[in-house]
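What follows is a set of notes on a single structure, which appears directly below.
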Amino acid sequence: MAVRQVAILGSTGSIGVNTLDVIRAHPDRFKVVALTAAKQIERLAAQCLEFKPLIAVVADAQGASQLSRLLQAQQISTQVLYGPQALVTAVTESGCDTVMAAIVGAAGLVPTLAAAKAGKRVLLANKEALVMSGNLFMQAMKEGGGELLPIDSEHNAIFQCLPDRFTQSPADHLGVEELWLTASGGPFRDLPATSLATITPEQACAHPNWVMGRKISVDSATMMNKGLEVIEAFWLFGLPLDKIKVLIHPQSVVHSMVRYRDGSVLAQMGQPDMRTPIAYGLAWPERIDAGVGQLNLTQLASLSFSEPNLAQFPCLNLAFSAARAGGTAPTILNAANEVAVAAFLDSGLPYLQIAQVVEHALDTIAPIEANSLETILQADAQARAVASSFVHSISR
Ligand code: NAD
Ligand code: MG
């Protein structure tokens, strides 16, 4: 068995740490060759000490010199680099064959695209990268000739439930009619709309079933996360948007489903633990121990499913509109949402105004065809500028 050489973009985050947890249990299968983080230097240093990658990347020069000092003190010879271009170097120069794309947000796009072009096995957690660049990213995967394995639990579940020979081409849909993405509905599913105005970042980040980074936790509360996931599913699986459905399933046991022409519905179930999809992606097509406890069906009181209330979750509605508009609309949606969520988390933007910021950006900027990286990065920058000035005008 060849040992997989793994680069982890975003190794200090929730997905990154879970990935290292799976890898730690399988030293005969996986070798870590590159680790990257933005600012958590001490955590990254501890990871380097344990996994001894060839390359470690941080955001800036100050972080790099702090990391170098910490590693030299332990006689670790990892090469320390910094800045956005170094993330690409971690993918292209570390000798990796597998890249875990687990940076949060648009910052992950360029290195993830580099992994696609270089023909790596791409384990995609960074859904924002695909939402921003859709067609361009899928094209890069095709040209690179690597394997794209979804790590987002819903998409990983669908991937597991699709026929082996399924492809994006409708001729190869092999009886698949619909994809059903499940959503917990987040912590405020049952709150009356009047109570949402005073939601704090701490309340929004306390997800009932999953432990995740702060940005995706807020996205789960607003259900923008599910909206991004609908767009992600559209690009990954190539079904028309009206065949991609969202179901509220508060127990987070069924991670998603595929409905077939003959009346069958296949579901993937499990504990809400990201190590299951991560282990699946790392070892595919084999199955390895993920360190996840068994699902005990007899201890589950019930599994329930319902339609989402779009009036309660305007962000989900905005994502559907952006998906239908196409072109750079999803890029604009994503960028404005990143600005709004950061403002909610760090500078007191009221929770209910996250959706307003996104709506304002989508109303202000006309989408254009998303045919090059340059166009996409320009749309991203423009949407950030529009969203930021709207945030400032609200807070004044
Ligand atoms: P997180 O905030 O816990 O971790 C993010 C990682 O990215 C950290 O290592 C951080 O240092 C790095 N990073 C952040 N900004 C960066 C920048 N500008 N440049 C370089 N590195 C940067 O986030 P997470 O919860 O691990 O989520 C990561 C991605 O996976 C997101 O796209 C999220 O939507 C997706 N995802 C996460 C989960 C989950 O359970 N956490 C589930 C499904 C999908
Ligand atoms: Mg998900």
Scanning the range 14-29 for residues that are surrounded by 18 or more Cβ atoms within 10 Å (Cβ to Cβ) and more than 20 Å from T89 (Cα to Cα) gives S14, I15, N18, T19, L20, V22, I23
Please find, among L196, L179, L266, L174, the residue that is away from ligand 1 (no atom under 16 Å from the Cβ), of a type outside the set (F, W, Y) and surrounded by 20 or more Cβ atoms within 10 Å (Cβ to Cβ). L179
Counting residues that are of a type in the set (A, V, I, L, M), touching a Gly at 6+ places or on another chain (Cβ under 9 Å) and within 13 Å of ligand 2 (Cβ to nearest atom), which helices (runs of 4 or more DSSP H) fully inside the range 214-291 reach at least 1? 224-237
For the range 292-314, state whether one or more residues are within 16 Å of ligand 1 (Cβ to nearest atom) and in a helix (DSSP H, G or I). no
Identify, by number, the condition in (1) surrounded by 14 or more Cβ atoms within 10 Å (Cβ to Cβ); (2) without any contact (Cβ under 8 Å) to a residue 60 or more places away in the chain that A366 doesn't meet. (1)
The condition from (1) under 19 Å from the mean Cα position of the chain (by Cα); (2) more than 16 Å from ligand 2 (Cβ to nearest atom) that S302 misses is numbered (1)
So, in the range 104-123, of the ones that are touching a Gly at 6+ places or on another chain (Cβ under 6 Å) and within 16 Å of ligand 2 (Cβ to nearest atom), which residue ends up farthest from A283 (Cα to Cα)? V104
If you take the residues in the range 127-183 that are away from ligand 2 (no atom under 16 Å from the Cβ) and of a type in the set (K, R), which one is nearest to G108 (Cα to Cα)? K142
Wholly within the range 44-106, strands (runs of 3 or more DSSP E) carrying at least 2 residues that are away from ligand 1 (no atom under 14 Å from the Cβ): 79-82
Flag for A206 being crowded, with 18+ Cβ neighbours inside 10 Å and of a type outside the set (D, E, K, R): no
For the range 222-275 the number of residues that are touching a helix residue (DSSP H, G or I) at 6+ places or on another chain (Cβ under 8 Å), over 30 Å from L352 (Cβ atoms) and either among the basic types (K, R) or in the same structural domain as G105 (by TED's automatic domain parsing) (or both) is 1
Determine if the range 140-157 includes at least one residue that is in a helix (DSSP H, G or I), within 12 Å of ligand 1 (Cβ to nearest atom) and free of Cβ contacts under 8 Å to residues at least 60 places away in the same chain. no
Among (1) in contact (Cβ under 8 Å) with a residue 60 or more places away in the chain; (2) farther than 15 Å from A279 by Cα; (3) not charged (D, E, K, R) - the single one A125 does not satisfy: (2)
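The values are calculated or read from the model by the stated rules, or taken from the named source; none is laboratory data. This structure is a prediction, so every number in the text was calculated from the model and none was measured. When we count neighbours, we look across all protein chains shown, and the Cβ atoms used for this are built from the backbone with ideal geometry, even at glycine.
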